[in-house]
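The values are calculated or read from the model by the stated rules, or taken from the named source; none is laboratory data. Please read all numbers here as calculations on a predicted model, not as lab measurements. Using ideal geometry, Cβ is built from the backbone for each residue, glycine included, and neighbour counts are taken over all protein chains shown. Surface accessibility is based on the protein's heavy atoms, side chains included, excluding ligands, DNA and RNA. Shrake-Rupley method; radii C 1.70, N 1.55, O 1.52, S 1.80 Å.
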Amino acid sequence: MNDLRERARALGLDKLTAEHLVQLERATATMKRHIERLPGNLTVADEPAHIYQAKGRGS
Amino acid sequence: MSELAFLTVAEAAELVRSRKVSPVEYTKALLARIERIEPRLHAFVTLATERALEAARSAEDEIVAGRYRGLFHGIPYALKDIVDAVGLPTTGHSKILIDNVARADSRVAARLRAAGAILLGKLSTHEFAIGGPSFDLPWPPARNPWHLDHFPGGSSSGSGAGLAAGLFPAAIGSDTGGSIRNPASLCGIVGMKPTYGLVSRRGVLPLSFALDHVGPMTRTVRDNALMLQVIAGHDDSDPASADTVIPDYSTELDRGVRGLRIGVVRHFYTKDFEADAEQVAAIEAAIEALAKQGALISEITLPPLADFSACGQIILAAEAYAVHEHWLKTRPEDYGARARERLLAGAGLTAAQYLQAVRWRHILKQRTLRAFGDIDVAVTASGMDPACRIDDVETLALNYWRQARMPFNVTGQPAIVIPAGFARGRLPLSLQIIGHPFGEATCYRVAQAYESAMGWVMQHPSL
């Protein structure tokens, strides 16, 4: 719990209670599973659109 | 009263226009129904009775004087409580914003006001459109009108519940990872997440700038098209607003599906997830019904659901944390447990991880649009399961991820959910139809063909 509290403090989340810290830990674990799916083979040319626009057919 | 309660927008508009029903009479009937049912349903956070009656009287005066504005003139509706209406609270169903009163209309509320629609009030949502159902907030969560001890879906919970219960004929919802389509699925109503940028988000509490969509929720496909007609259009004050020509969404509604090419994304509900058997059977029956009407059916493959989910959830978590960082640091105890946990998911994300997800989004979108190259629309599941009990914490947690809605927040394509029958215990089942970007009219055309053939929309819960 102390380690978790230190990590939260480092993020500026120093008002989290013990219950909140357990939630932070669970949420971080869930997010870790998503992060593990990020592709490792993006090329340097795979640039995001700076403003996302869904383009229609023929546009 | 119940006859007025379940009028469609199209039916009510004709009665109002021809002065067979007055907006005051209609509004009073719905308010009386709300008074009777709301204590059990909890669809509303704020009910604006006096304001609604004043607007109804004003509409009636204008119509009698020959100044009929169009199909939404004198038609009651309600807003999800993350959408501003001047002078009314916008709480996000949260203690954090319990004293927040909107100083101006959101763009959608302004458009509906200009059309003469009558705002009944603000609707229950999962806290800040992310955390719910929750019992630790200032207002209780909405219930499913088909079974009051069941989950109505979310986050646009009050919109879905109130429509199915006959409290109003139209509502506004928002959809960042499926929040229009989930309550549409579980309450048995029609919910459209339009193309990203088609409907302005101005005056709507943000959750994730890149994934937030605002859209219409109704009981019928035709009503949904009519409402989108009012709220769609370019808005300079929304940086993501698309500057595009708005077609007439009703023109093609009754053209049928003969010759239309429909791609089935079967792996979403049979391989990526194994959907409930009755939900699978309902989708397959819908595909068969569309084929019988002359649609050309094929099967298409998209990237795995888990990829869309991971990409979307990383973007959502990072952006939602940016929105809520100040309050999470200063007032964490003022959130409900569910919203706090979901929002804290973004706390430790790095800038690089967020940007990798945004780059990945572009690739997923390109792959999806390539798969759409030879089809006009796709069909698939929305959720994998009918509604569970609202107090079944384990099933709620499981079902949250068992869905095929996030892919189209990631790609920005239009996606509509329509009723597709009932499971055991009379719980609604659903079908999702996805179009090309700005292809809402074709989605509506397919949805209307199925709705007309099956007639599910004629069934209502007993309350």
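Could you count how many residues in the stretch B:343-368 are closer than 30 Å to B:Pro138 by Cβ and either of a type in the set (S, T, N, Q) or more than 7 Å from chain A (Cβ to nearest Cβ) (or both)? I'd like the intermediate steps shown before the answer.
From the stretch B:343-368, those closer than 30 Å to B:Pro138 by Cβ are B:343-349; that's our starting set.
Checking the rest, the ones that are also either of a type in the set (S, T, N, Q) or more than 7 Å from chain A (Cβ to nearest Cβ) (or both) come to B:343, B:346.
Final tally of qualifying residues: 2.
Would you check if B:Gly435 is within 14 Å of chain A (Cβ to nearest Cβ) and closer than 18 Å to B:Leu290 by Cα?
Working: within 14 Å of chain A (Cβ to nearest Cβ): yes; closer than 18 Å to B:Leu290 by Cα: yes.
Yes.
Go through (1) assigned to a loop (DSSP other than H, G, I, E, B); (2) open to solvent by 90 Å² or more (accessible area, probe 1.4 Å) one by one and return the number of the condition A:Arg9 breaks.
The one condition A:Arg9 does not meet is (1).
Is one or more of the residues making up the stretch B:374-396 of a type in the set (Ser, Thr, Tyr) and surrounded by fewer than 16 Cβ atoms within 10 Å (Cβ to Cβ)? Spell out the reasoning first.
Step one: filter the stretch B:374-396 for residues of a type in the set (Ser, Thr, Tyr), giving B:380, B:382, B:395.
Pick out the ones that are also surrounded by fewer than 16 Cβ atoms within 10 Å (Cβ to Cβ) and you get B:395.
Scanning the stretch B:374-396 turns up at least one residue that is of a type in the set (Ser, Thr, Tyr) and surrounded by fewer than 16 Cβ atoms within 10 Å (Cβ to Cβ).
Is it the case that B:Ala352 is in a helix (DSSP H, G or I), surrounded by fewer than 16 Cβ atoms within 10 Å (Cβ to Cβ) and more than 24 Å from the chain's Cα centre (by Cα)?
Considered against the rule, which asks whether it is in a helix (DSSP H, G or I), surrounded by fewer than 16 Cβ atoms within 10 Å (Cβ to Cβ) and more than 24 Å from the chain's Cα centre (by Cα), B:Ala352 comes out as yes.
Rundown of residues vs (1) in contact (Cβ under 8 Å) with a residue 12 or more places away in the chain; (2) basic (Lys, Arg); (3) touching a His at 6+ places or on another chain (Cβ under 7 Å), yes/no style:
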site	(1), (2), (3)
B:Gly178	yes, no, no
B:Lys193	yes, yes, yes
B:Leu205	yes, no, no
B:Arg219	yes, yes, no
B:Asp223	yes, no, no
B:Met227	yes, no, no
B:Ile231	yes, no, no
B:Asp238	yes, no, no
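Do any residues in the stretch A:19-39 that are at the interface with another protein chain (Cβ under 7 Å from one of its Cβ atoms) have Cβ atoms under 7 Å from those of residues that are aromatic (Phe, Trp, Tyr), where the two are at least six apart or on different chains, and which pairs are they?
Short answer, once both residue conditions are applied: A:Leu38/B:Trp360; A:Pro39/B:Trp360.
From the list B:Arg107, B:Arg103, which residue is open to solvent by 10 Å² or more (accessible area, probe 1.4 Å) and free of Cβ contacts under 8 Å to residues at least 24 places away in the same chain?
It is B:Arg103.
Please state which of the following conditions B:Gly425 fails to meet, knowing it meets all the rest: (1) within 14 Å of another protein chain (Cβ to nearest Cβ); (2) surrounded by fewer than 21 Cβ atoms within 10 Å (Cβ to Cβ).
The failed condition is (1).
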